[in-house]
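Please read the structure below before turning to the comments.
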Amino acid sequence: MSTTPDKMYQALLTKVKAVVSLVHDDFIYISHEPVFTQEDDQYIQIVPGVPTAVTPQAGYYLIQEEFEVAVWSRLYLDQGNRSTEKFANLTYGVLRVMTEIRSGLFNHILSHDGNDDLEDNASLPITFERGSRLFESPEQPGWCYMADTYKFGYEIT
């Protein structure tokens, strides 16, 4: 069971697209920086982490890696008024998307081709590490985001 980080992230992207019905596939992507266009008001960003070798033995390595899944949503209410209503309304929408992602990723073992018998599957299931509250982006006025951190493991040669 050995694979590459690229295969694992492509499998993760495929899984997130499969479980999310509230955001179009074109607006779910892997990136270290958020990408905004005027085409939609919600985006899902998968942020790769830094791999950590856990067990280096005879050329095989068990890698554990944390990654984030951030849900971005545009605020349409008045930006000058930082009201509770604005955040409550937006939090509900973001949490709906996060609920789909969380239920699809918890304890899921990534497989590159959707076939559980292949050698390029993850070795450890996806686990939830921590979540966050809704934040307004200082770099992107009018956008808020919430991010969850997950961990998974895979073997490389």
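The values are calculated or read from the model by the stated rules, or taken from the named source; none is laboratory data. Since the structure is predicted, the reported quantities are computational estimates derived from the model, not experimental observations. Accessible surface areas use protein heavy atoms only, side chains included; no ligands, DNA or RNA. Shrake-Rupley method; radii C 1.70, N 1.55, O 1.52, S 1.80 Å.
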Rounded accessible area of residue 135 (nearest 10 Å², 1.4 Å probe)
70 Å²
Could you report the accessible area of residue 100 in Å², rounded to 10, computed with a 1.4 Å probe on the protein chains as they sit in the structure?
40 Å²
